[in-house]
1. Here is a list: A178, A152, A161. Which entry is modelled with pLDDT under 85, over 15 Å from A58 (Cβ atoms), more than 15 Å from the ligand (Cβ to nearest atom) and surrounded by 18 or more Cβ atoms within 10 Å (Cβ to Cβ)?
2. Is the stretch 197-205 home to any residue that is modelled with pLDDT of 90 or more, under 23 Å from P107 (Cβ atoms), open to solvent by 30 Å² or more (accessible area, probe 1.4 Å) and in a loop (DSSP other than H, G, I, E, B)?
3. If A52 satisfies all but one of (1) modelled with pLDDT of 90 or more; (2) surrounded by 12 or more Cβ atoms within 10 Å (Cβ to Cβ); (3) within 20 Å of the chain's Cα centre (by Cα), what's the number of the condition it fails?
4. When you check V64 against the structure, is it closer than 19 Å to I125 by Cα, at pLDDT 90 or above, part of a helix (DSSP H, G or I) and open to solvent by 20 Å² or more (accessible area, probe 1.4 Å), yes or no?
5. What residue, of E84, E124, is modelled with pLDDT of 90 or more, open to solvent by 10 Å² or more (accessible area, probe 1.4 Å) and not hydroxyl-bearing (S, T, Y)?
6. So, in the stretch 206-223, of the ones that are of a type in the set (D, E, K, R) and under 19 Å from P23 (Cβ atoms), which residue ends up surrounded by the fewest Cβ atoms within 10 Å (Cβ to Cβ)?
7. Just the residues that are open to solvent by less than 80 Å² (accessible area, probe 1.4 Å) and either in contact with a strand residue (DSSP E or B) (Cβ under 7 Å, 6 or more places away or on another chain) or part of a helix (DSSP H, G or I) (or both), please, taken from the stretch 247-260.
8. In this structure, does S226 turn out to be out of contact with any helix residue (DSSP H, G or I) (no Cβ under 6 Å at 6 or more places or on another chain), touching a residue at least 24 places away in the same chain (Cβ under 8 Å) and either open to solvent by less than 10 Å² (accessible area, probe 1.4 Å) or within 16 Å of the ligand (Cβ to nearest atom) (or both)?
Amino acid sequence: MIRHASLLLAGLVIACGPAYDIPSAPGGSGSSLTALQPAAAGPVRSYSAARADWNRVAPRIEAVSETFCREENPGRPANYCDFEIRLAEDPDAPPNAFQTIGRDGRPLVVMTSSLLADTRNADEIAFVLAHETGHHIAGHIARQQTNVALGALILGTLAQAAGGGGEGLASQAADLGAFAGQRVYSQTFELEADTVGAYIAARAGYDPARGAMMFARMPVSSGPQSLWSTHPPSNRRLATVMSAAEDIRRQQAAGQTPRPRR
Ligand SMILES: [Zn+2]
């Protein structure tokens, strides 16, 4: 009986996705947040420059996320790791990015154009997208649902709204943004997504520590449904990414493909 129960538990853990070690901050909880911000962020760019970066970054993060997702989740259905990354070009949508499951069952990551406009460089776009695909790879929706019954209701609404495409996309995305603003993951899940996202961004050729400044810097246009309302800046988050970046360099120096620890 005990044996059956433990098998059942093991099955649940596998079904929910892998859990990763969150690297501890080097040298304490980090005093580097404010010190690193101004130099690393760079100036505000034109939207067309940010859009050009998007065209290069999004396909690379999508491809690396899919490869990494399949490595980490063997035995899943084919579409489990078939990411779709969309830009919602609706100026009225709040600056936000989020991850959900589309009606077709594929994992969907959406960034709004107002958030893209707030990015300062390609590393920031890469890190935000990798953080969001990291939530999926670590199975956070499923793992949250086991704890929070309300999550199912919000998720159902999101999945229904996310299934469409084409001309209704912009207004749908605005609605999604409103709903996504209500989904607040635990700090543990955010740190885990930061960790996984750091490895994905690095494997795609971007600098995760520089990219994480996006979360550390309050934007001009933040609001109640912005990325920063669901992802409060903290020294712990930045220190986690810096620590992951050190581990990534160590693994690369040893000739390994960087992989977060489980
Ligand atoms: Zn997050």
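The values are calculated or read from the model by the stated rules, or taken from the named source; none is laboratory data. Every value quoted in this text rests on a predicted model; they were computed, and no experiment measured them. All Cβ positions, even for glycine, are placed from backbone atoms using ideal geometry, and neighbour counts span all protein chains on display. Only protein heavy atoms, including side chains, enter the accessible area calculation; ligands, DNA and RNA are left aside. Shrake-Rupley method; radii C 1.70, N 1.55, O 1.52, S 1.80 Å.
1. Details: A178 fails: surrounded by 18 or more Cβ atoms within 10 Å (Cβ to Cβ); A152 fails: surrounded by 18 or more Cβ atoms within 10 Å (Cβ to Cβ).
Only one candidate passes the filter, namely A161.
2. From the stretch 197-205, those modelled with pLDDT of 90 or more are 197-205; that's our starting set.
Still in the list and also under 23 Å from P107 (Cβ atoms): 197-205.
Retained after the next criterion (residues that are open to solvent by 30 Å² or more (accessible area, probe 1.4 Å)): 203, 205.
Pick out the ones that are also in a loop (DSSP other than H, G, I, E, B) and you get 205.
For the stretch 197-205, residues modelled with pLDDT of 90 or more, under 23 Å from P107 (Cβ atoms), open to solvent by 30 Å² or more (accessible area, probe 1.4 Å) and in a loop (DSSP other than H, G, I, E, B): present.
3. Tallying (1) modelled with pLDDT of 90 or more; (2) surrounded by 12 or more Cβ atoms within 10 Å (Cβ to Cβ); (3) within 20 Å of the chain's Cα centre (by Cα), A52 fails exactly one: (3).
4. On the way: closer than 19 Å to I125 by Cα: yes; at pLDDT 90 or above: yes; part of a helix (DSSP H, G or I): yes; open to solvent by 20 Å² or more (accessible area, probe 1.4 Å): yes.
When the stated conditions are applied, V64 passes them.
5. Numbers: E124 fails: open to solvent by 10 Å² or more (accessible area, probe 1.4 Å).
After applying the criteria, what remains is E84.
6. Filtering the stretch 206-223 for residues of a type in the set (D, E, K, R) gives 207, 210, 217.
Those left that are additionally under 19 Å from P23 (Cβ atoms): 207, 210.
Values: D207: 19, R210: 23.
The selected residue is D207.
7. Taking the stretch 247-260 and keeping what is open to solvent by less than 80 Å² (accessible area, probe 1.4 Å), we get 247-248, 251, 254-255, 258, 260.
Correct list: D247, I248, Q251.
8. Answer is yes for this residue.
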